[in-house]
1. Starting from the Kirkwood Rh over alpha-carbon pairs, what translational D in µm² s⁻¹ does segment 154-225 have by Stokes-Einstein at 20 °C and 1.002 mPa s?
2. Send over the per residue convex hull volume for segment 158-298, Cα only, as a whole number of Å³.
3. Where q = 0.07 Å⁻¹, what log10 of I(q)/I(0) comes from the Debye formula for segment 12-302, counting one point per Cα?
4. Using r as the Cβ-Cβ distance of residue 550 and residue 518, and R0 as 25 Å, what FRET efficiency do you calculate, to the nearest 0.05?
5. Please order 345, 132, 182 by the number of other Cβ within 10 Å, starting at the fewest.
6. Compute and list, largest first, the equivalent-ellipsoid semi-axes of segment 184-242 from the alpha carbon gyration tensor, each √(5λ) rounded to a whole angstrom.
7. To the nearest 0.05, what FRET efficiency results for residue 251 and residue 230 with a Förster distance of 25 Å applied to their C-beta separation?
8. Which order do 556, 262 fall in if you start with the one that has the fewest other Cβ atoms within 10 Å?
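FYI, it's all coordinate maths here, none of it is from the lab. In this text, all values refer to a predicted model and were calculated from it rather than measured experimentally. Note that we place each Cβ from the backbone using ideal geometry, even for glycine, and neighbour counts take in every protein chain shown.
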Amino acid sequence: MTSFNLLDAPWLSVQVVDPGAPHATGPGGTVEVGLRELLLHAERYRDLAVDIPTQKPAIFRQVLLPILVDALGYPADIGDGLALLRAGSLTPAHRDLLTAYLEEHRPRFDLFDPDDPFGQVAGLRTAKGETKGSALLVATAATGNNVPLFASRTEGDPLELTPAQAARWLLHTHCWDTAAIKTGAVGDPRVKAGKTTGNPTGPLGQLGVVMPLGRTLFETLVLNIPFGRAPLSDDRPQWRRRRTDGRVEDTLSCALPAWQERASRGPLDLWTWQSRRVRLIPEDTPAGTRVTRVVVSAGDRLVATPDHEPHTAWRLPPAPKRPRTGAAAKRPVPAALPRRHQTGKAGWRGLEAFLAVEREQRDARGERSGFRTSVLLDQLGGVRDRLPADYPLRVELTGIAYGNQSAVVEDLYADAIPLPLVALDPDGPLRTSLLEATEQAEQLASALNHLSGDLMRAAGSEPIPWDKGQRPGETLLYALDAPARLLLLDLRAAPEDFEATERALEKWERNAAAHTWKVAEQTLATTAPGVFSGRRVTRDKTERVYRLATAEQSFRARMAVVLPRWTATRRVAATTVSPDAELPDTEGRPNL
């Protein structure tokens with residue numbers, strides 16, 4: 001009988017804190033471990049090494065966090081949470097409790113158990129006994145309508161998954177699977193014509209994941225556990241909801257083909273949500289046990305993303321312009337919606353949401369949307385003054401962009417940004433400085449787009465529409481990615497030193513100015529000869545002249561306003577040398 005128990009079998013690749021350790025035999029100082037070793041000695045490891053970034057939150061939520069919380073409970077309050085974080089590892093008493101828990105539930109973690117396989121439904125089958133290739137589990141593999149761009153494998157190529165790979169992709173499927181039609185399973189009363197329709201994506205596919213990361217895997221685990229939650233009697237992980245008798249509406253069992261649409265009972269239920277009913281089909285090959293065929297059908301559906309979801313920031317809808325009437329008045333107005341990441345937009349450009357640590361932001365009024373940060377970052381904001389100010393906190397962001405009615409994966413989003421703890425102070429100067437820097441980047445991009453538009457009007461054409469083509473502002477924002485991350489690192493290194501903060505902001509503005517002028521030079525160099533004399537344009541009975549000189553002058557004025565430190569420094573330097581002299585221009589343009 002094939003067996004692969006996730007507690008003991010090595011299926012998780014982890015980076016060791018000491019890359020020179022004898023057991024770190026993998027690339028980059030990694031080692032393969034099972035759940036027992038990782039959880040009992042998480043302080044030995046720095047981070048997970050995964051196939052794709054979206055696997056990491058799936059592994060944390062589906063196994064690591066719920067095992068730890070179900071075995072040890074939530075930290076009773078902020079004090080207990082901080083004590084655990086400062087200790088840096090589990091206490092002997094914690095290890096005893098965790099060891100006993102793992103031993104008690106060990107049979108439930110066998111991936112290929114014939115009667116109760118982990119995260120699956122034993123004997124799951126279709127009416128015709130059909131199975132599909134294991135590529136159905138792999139978000140980056142071609143299968144059906146989901147054909148990733150430049151995929152090296154076609155649907156006809158068999159994909160042999162090792163047990164370790166199959167386990168990781170099984171968890172990923174429960175969290176991120178595509179929506180739309182799923183194969184109907186025998187025993188599912190909602191099957192029609194051999195299929196189920198209306199399936200949503202996995203629960204993580206409906207939000208932008210925000211995960212705080214610490215210096216070790218142990219610290220990361222603690223940072224991702226809500227403090228001070230009272231455990232609920234019916235909030236259990238999926239391996240404690242495996243009854244094979246009774247109605248699914250009564251038992252909440254995920255061990256049967258039947259499923260239901262319901263609300264989450266709490267974090268443990270939410271983290272281990274079984275959004276699909278799955279069966280892995282192992283077979284013996286000359287290379288060992290491999291999974292090449294699977295059955296994937298409809299699973300439980302969340303009514304809505306609950307407010308106890310800890311791994312997302314929130315968007316607060318603006319107040320309605322007028323009272324709702326008719327059918328719209330009967331629909332509930334959501335208090336907050338998960339904030340999804342925008343592909344192509346670096347994480348530092350969304351700091352206004354991550355730093356919105358007040359539980360209710362006043363920005364959500366009138367026609368403006370407001371933000372609320374994640375539960376976990378809000379929790380960190382409350383203890384920021386009890387941790388080292390230079391604590392090397394990172395925030396990892398992951399998400400999936402779906403297309404064609406969410407039935408295909410179009411793009412993955414993954415980013416990680418360093419974040420100074422003191423920036424989580426809603427009234428602190430560092431928060432203001434960070435938001436100012438991100439706003440400066442957007443304003444400089446806007447200034448470049450206005451320059452390009454003015455030059456195109458001067459040449460007799462129209463500007464590039466905001467949603468079409470490549471505008472110079474996007475080129476600049478891409479170029480500013482490295483300086484922005486350098487600013488975050490500089491501010492995190494000396495968060496309470498005012499002079500160091502000012503030096504970091506001055507360096508940021510110098511870098512921003514240099515990159516902006518570089519893109520502006522490229523834009524100016526491609527102008528047509530006619531832009532020197534310009535063109536008169538009348539709009540709404542107002543005549544305006546567009547020419548190179550006025551376009552550049554307007555651009556210079558915008559830069560002077562957006563970058564006050566850089567402007568002031570250059571003006572002081574100019575008056576120090578000589579009132580009438582012109583300084584050499586390190587940015588390639590005359591002085592302001």
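1. 138 µm²/s
2. Numbers: hull volume 22.3 nm³, N = 141.
Taking only Cα atoms, segment 158-298 has a hull volume of 158 Å³ per residue.
3. -0.27
4. Working: r = 22 Å, r/R0 = 0.88.
The pair residue 550/residue 518 has a calculated efficiency of 0.70.
5. 345, 132, 182
6. On the way: eigenvalues 241, 64, 23 Å².
Working from the Cα gyration tensor, I get semi-axes of 35, 18, 11 Å.
7. Using R0 = 25 Å, I get an efficiency of 0.60.
8. Going from sparsest to densest Cβ surroundings: 262, 556.
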